[in-house]
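The values are calculated or read from the model by the stated rules, or taken from the named source; none is laboratory data. These numbers come from a predicted model, not from an experiment. Cβ coordinates were reconstructed from backbone atoms using ideal geometry, including for glycine residues, and neighbour counts include every protein chain displayed. Each accessible area value is taken on the protein alone, full model and side chains, heavy atoms only, with ligands, DNA and RNA left out. Shrake-Rupley method; radii C 1.70, N 1.55, O 1.52, S 1.80 Å.
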Amino acid sequence: MRLIRPLSALCVLFFASVALWAQQSAAPASAVSSLPNGIEVRAGNLHEQVTALRNDVLRVRIWRGENPPEDASWAVLDEARHASVAVTTTGDTGKAGFHTSVLSVAVDPATLELTVRDSNNNIVSQDARPVRFDGNEFRIYKAMPIDEHYFGLGDKTGPLDRRNQAFTLWNTDAYRFQESTDPLYKAIPYFMAFRTGRAVGVLMDNTWRSSFDFGKELPDAYSFGSVNGPIDYYLFLGPTPKQVVETYAWLTGKPPLPPLWSLGFQQSRYSYDSQARVLEIANHLRADHIPADAIYLDIDYQVHNRPFSVNPVTFPDLKGLMAKLKAEDFHAVMITDLHIANYPEPTYPPYDTGIAGDNFVKSADGAVYSGKVWPGMSLFPDFTRRQTREWWGTLYREFKSDGADGFWNDMNEPSVFDTPTATMPLDVVHRIDEPGFISRTATHAEIHNVYGMQNSRATYDGMLAIDPNTRPFVLTRATYAGGQRYAATWTGDNSSSWNHLRMTTPMIENLGLSGFAFTGADVGGYAGSPSKELLTRWLQVGAFQPIDRDHTEKGTAPQEPWVSGPEQEAIRRHFIETRYQLMPYLYTLADEASRTGLPMVRPLFLEFPNSAADGHPIDLDSGATSEFMLGADLLIAPSPFPDELDAYAVELPTPLWYDFWTGEPVTLPPPAPPVPGAPDHTVTFSTTVSPRLADLPVYVRAGAILPMEPIVESTAQTPNGPLTLRIYAAGKNEPGDNCAGELYQDDGKTFDFKKGSYLRMTFSCRVASDGLHLNIGAHQGTYPAWWKEIRAEVYGWKPEKGIAVVDSKPVPLTKQAHGFAFTIADNGKGAEALLK
């Protein structure tokens, strides 16, 4: 008897919920309206609008009631959001719809369920059930084919593939995060779905706390939703993964070309706690001839951790320190946390000017909100106000005048120490005053996930306002979709463990797929002290990642490259030197990222989407989980379990590769015979590696031309010697074999490249019946080359006569291990060479 009444209540609640859901989601359609670029369908009080921004890009908006929500975005660029193409309206089989040249759209008028197909009738996206509402919450369900895989969402932990996982997007200070930790520092509500070699992108533009489920709740559906805010998402077809990444960049913006020095080795610590210690580190790097470009100043340069202050005792001459660092070709990066100490004294102008300009967020009662962080009680700028961002930018003027070259926005989730949620209360009030938005107030529940992004935006714009022709370098911990327009990022406060080294690669790969081409991890690990072997392994892998910063926390053992003795230092120096030799290639990749949005570090499937017979991404194979591409031509293959001493298999997406270190073609064992009745899904190209501490397997794609330079100790130094082109023949030594490469250079500092002050060159080779022809393209742009000669090294192709001819004139040909070399005078007009 005691059970009857609660069960009755549950039944009433259940049927009421069903009735409400039916009313909201499946009421009879009352209208279907054709739009020039799409359709709008109304079912009861629900509206669904599907429009085509391009032939391959759709925007989907759903709302309740008559009026759509505000059409504004922190993430999607205005020109993309307002783009439009004409469509052809269709209405087949009882569905409302339209088609573009590459996509067809069908909406069920009764349920508003959406199906999108490509021009080959393949389903691109299909609702698995109607949209679900629960108060202000909503959830979208999509069919999840058994062979589909999911990538993106920024720096989440765990495997590269998001399938069978669920995630929360809520920017969180996740010190000592582990493999199961979620959420983390960034909220990037975008992912790529990949199936049988085809890819589609999904971006949900909603700043509230949101979640993504890839098969946890339902085995045959993935879903995404939010606790509040608009249903506003984008679907975009590749069909290649690269095209999806480039379209995401079209929607949310490309990363700006960074200063060249930011691609150099960076040394950091929490903290180098005095001016003398900073110079000691700089001098040690130069004395040991370890190439390096940047040294970081963490919060101990400040007075009682107050941002934008300088401790006069430990840093008595900041300007003099900066001058000494610059004299040794170092760039200083200074931390500037976003909280402003609640310290109303004349000696602390950021508080006074912030209060005078009404630049801080307010509590629900209207008082300025104050929370505890490193300086103690602190105030928080209201970065949703354009005026506040402009004020924030002025705070950098003195540091820039003193000689600082970069700034590091940390703690900007925002992290708050004295609240149960470790961030601001959700009812803290922000005032939106931003072009494209309605001027209004918003609670922190809406703004939280974009707060760090707007902080880095204010820093980037502020640096530009102070020095308009110098490229800013901003490093941010928290961000949102589109944040790549303002800052580089890293994976946050990791740990000094072998598992964290292993976790780094998929985190950086997914960040790259999510718009952030310029990323890294704290090399060596932040929390804890690494063993000498772990630090060496991490410095090796870090040398091939976009941001190469050695960083650790207070109280840990020293972590600079020279610790652990001369044997370890020699190995570490060798890999850092290799990074600098590859700087022409790295900077060319940085230019590509700024033009296309393609990341520098890439999963293998981005370059080789069809390498497996069944179309699955080969990165998921056991022999490839630790591998990554640096650009299109370099494959780096650390051990999937780097603390183990066992030999391991390296899986290659194609059969023709070269050993980067020797130039020798990789010898592959014969493929295993097929197993009768087994599915044909394996990639058969693999080689076995026996790990040695001094080695890291790196391979070059056959057909690549790799530009390299002599070793320098900083990017400010002019290399002494020729530009080297490593030419890796396509491998078959048959007429028709081709290879290609590219080089981009500029001054590495300014925006003069936008006025033509750059140098771009293309290189190509082809095998013909009379030998190997090499084309050196003419210099494009007005920026002068630092070299006068080009050293061409040819691997994988053997000249029968041993003759090299450049512009019809014989030149000496030198045999070297696994290849041949000759020199070409480069007058900027291009050259033709023949090796026969």
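Set side by side, the residues Leu535, Leu539, Leu511 differ, and just one is aliphatic (A, V, I, L, M) and under 26 Å from Leu169 (Cα atoms), which is Leu511.
Confirm whether Pro159 is closer than 28 Å to Ser626 by Cα and either buried (at least 19 other Cβ atoms within 10 Å of the Cβ) or not hydrophobic (A, V, I, L, M, F, W, C) (or both). Answer is yes for this residue. Of all residues in segment 813-833, those satisfying the criterion of being open to solvent by less than 70 Å² (accessible area, probe 1.4 Å), farther than 21 Å from Thr662 by Cβ and part of a strand (DSSP E or B) are Thr823, Ile824, Ala831, Ala833. Among residues of segment 741-763 being of a type in the set (Asp, Glu) and assigned to a loop (DSSP other than H, G, I, E, B), the one that is most open to solvent (accessible area, probe 1.4 Å) is Asp747. Taking into account only those residues within segment 407-447 that are in contact (Cβ under 8 Å) with a residue 40 or more places away in the chain and among the small types (Gly, Ala, Ser), which is surrounded by the most Cβ atoms within 10 Å (Cβ to Cβ)? Looking at residues that are in contact (Cβ under 8 Å) with a residue 40 or more places away in the chain and among the small types (Gly, Ala, Ser), I get Ser415. Among the residues in segment 452-468, are any buried (at least 17 other Cβ atoms within 10 Å of the Cβ), at pLDDT 95 or above and touching a His at 6+ places or on another chain (Cβ under 7 Å)? Checking segment 452-468: not a single residue is buried (at least 17 other Cβ atoms within 10 Å of the Cβ), at pLDDT 95 or above and touching a His at 6+ places or on another chain (Cβ under 7 Å).
Within segment 164-208, which residues are at pLDDT 95 or above, among the polar types (S, T, N, Q) and closer than 15 Å to Tyr150 by Cα? Those that are at pLDDT 95 or above, among the polar types (S, T, N, Q) and closer than 15 Å to Tyr150 by Cα: Asn164, Gln165.
In the condition set (1) at pLDDT below 95; (2) surrounded by 14 or more Cβ atoms within 10 Å (Cβ to Cβ), Leu20 is compliant with all but (2).
You will find that of Arg286, Arg277, the residue that is part of a helix (DSSP H, G or I), surrounded by fewer than 21 Cβ atoms within 10 Å (Cβ to Cβ) and within 32 Å of the chain's Cα centre (by Cα) is Arg286 and no other. Listed by position, the strands (runs of 3 or more DSSP E) inside segment 468-570 whose residues that are β-branched (Val, Ile, Thr) number at least 1 are 474-476, 488-490. From the list Leu511, Leu539, Leu535, the one residue that fits, being touching a strand residue (DSSP E or B) at 6+ places or on another chain (Cβ under 9 Å) and within 30 Å of Glu246 (Cβ to Cβ), is Leu511. Filter segment 764-802 down to the residues that are in contact with a Phe, Trp or Tyr (Cβ under 9 Å, 6 or more places away or on another chain), not small (Gly, Ala, Ser) and not in a strand (DSSP E or B), then identify the one that is surrounded by the most Cβ atoms within 10 Å (Cβ to Cβ). If we take residues in segment 764-802 being in contact with a Phe, Trp or Tyr (Cβ under 9 Å, 6 or more places away or on another chain), not small (Gly, Ala, Ser) and not in a strand (DSSP E or B), then Trp797 is surrounded by the most Cβ atoms within 10 Å (Cβ to Cβ). Scanning segment 186-199 for residues that are open to solvent by less than 10 Å² (accessible area, probe 1.4 Å), outside any loop (DSSP other than H, G, I, E, B) and of a type outside the set (Gly, Ala, Ser) yields Lys186, Tyr190, Phe191, Met192, Phe194. Please state which of the following conditions Phe212 fails to meet, knowing it meets all the rest: (1) at positive phi; (2) buried (at least 23 other Cβ atoms within 10 Å of the Cβ). Condition not satisfied by Phe212: (1).
On inspection, Glu217 qualifies as part of a strand (DSSP E or B), among the charged types (D, E, K, R) and either in contact (Cβ under 8 Å) with a residue 40 or more places away in the chain or under 26 Å from Ala527 (Cα atoms) (or both).
Here's the yes/no breakdown for (1) at pLDDT below 95; (2) surrounded by fewer than 24 Cβ atoms within 10 Å (Cβ to Cβ); (3) more than 26 Å from Trp408 (Cα to Cα):
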site	(1), (2), (3)
Gly555	no, yes, no
Glu560	no, yes, no
Val563	no, yes, no
Ile571	no, yes, yes
Gln581	no, yes, yes
Thr588	no, yes, no
Asp591	no, yes, no
Val601	no, no, no
Gly623	yes, yes, yes
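Within segment 66-86, the set of residues being modelled with pLDDT of 95 or more, surrounded by fewer than 18 Cβ atoms within 10 Å (Cβ to Cβ) and of a type outside the set (Ser, Thr, Tyr) comprises Pro68, Pro69, Glu70, Asp71, Ala72, Leu77, Asp78, Glu79, His82, Ala83, Val85, Ala86.
Selection of segment 148-192 for residues being in contact (Cβ under 8 Å) with a residue 60 or more places away in the chain and among the aliphatic types (A, V, I, L, M) yields Leu153, Leu160, Leu169, Ala174, Leu184, Ala187, Ile188, Met192. Considering only residues in segment 232-259 that are of a type outside the set (A, V, I, L, M) and assigned to a helix (DSSP H, G or I), the one that is surrounded by the most Cβ atoms within 10 Å (Cβ to Cβ) turns out to be Tyr248. Contact map, segment 93-116: residues that are basic (Lys, Arg) paired with residues that are in a loop (DSSP other than H, G, I, E, B), Cβ distance under 8 Å, separation 6+ or inter-chain. Pairs shown: Lys95/Asp108; Lys95/Pro109.
Sub-7 Å Cβ pairs linking a first residue in segment 382-406 that is within 17 Å of Lys326 (Cα to Cα) to a second residue that is part of a loop (DSSP other than H, G, I, E, B), at least 6 apart or interchain, are Lys400/Asp467; Asp405/Phe473; Gly406/Phe473, ordered by first then second residue. Selection of segment 716-740 for residues being surrounded by fewer than 23 Cβ atoms within 10 Å (Cβ to Cβ) and at pLDDT 95 or above yields Ala716, Gln717, Thr718, Pro719, Asn720, Gly721, Pro722, Thr724, Ala740. Among the residues of segment 257-269, none qualifies, meaning not one is farther than 22 Å from Trp408 by Cα and touching a residue at least 60 places away in the same chain (Cβ under 8 Å).
Looking only at residues in segment 394-424 that are of a type in the set (Ser, Thr, Tyr) and part of a loop (DSSP other than H, G, I, E, B), the one that is farthest from Ala445 (Cα to Cα) is Tyr396. Checked against (1) open to solvent by less than 10 Å² (accessible area, probe 1.4 Å); (2) closer than 30 Å to Ser529 by Cα; (3) touching a helix residue (DSSP H, G or I) at 6+ places or on another chain (Cβ under 8 Å), Ala612 passes all but condition (2). Considering each residue of segment 176-186 in turn, none proves to be touching a His at 6+ places or on another chain (Cβ under 8 Å) and closer than 28 Å to Leu475 by Cβ.
The numbered conditions (1) open to solvent by 30 Å² or more (accessible area, probe 1.4 Å); (2) over 15 Å from Trp408 (Cα atoms) are all true for Asp300 except (2). Scanning segment 312-355 for residues that are open to solvent by 40 Å² or more (accessible area, probe 1.4 Å), of a type in the set (A, V, I, L, M) and either under 19 Å from Leu285 (Cα atoms) or in contact (Cβ under 8 Å) with a residue 60 or more places away in the chain (or both) turns up Ala323, Ala327.
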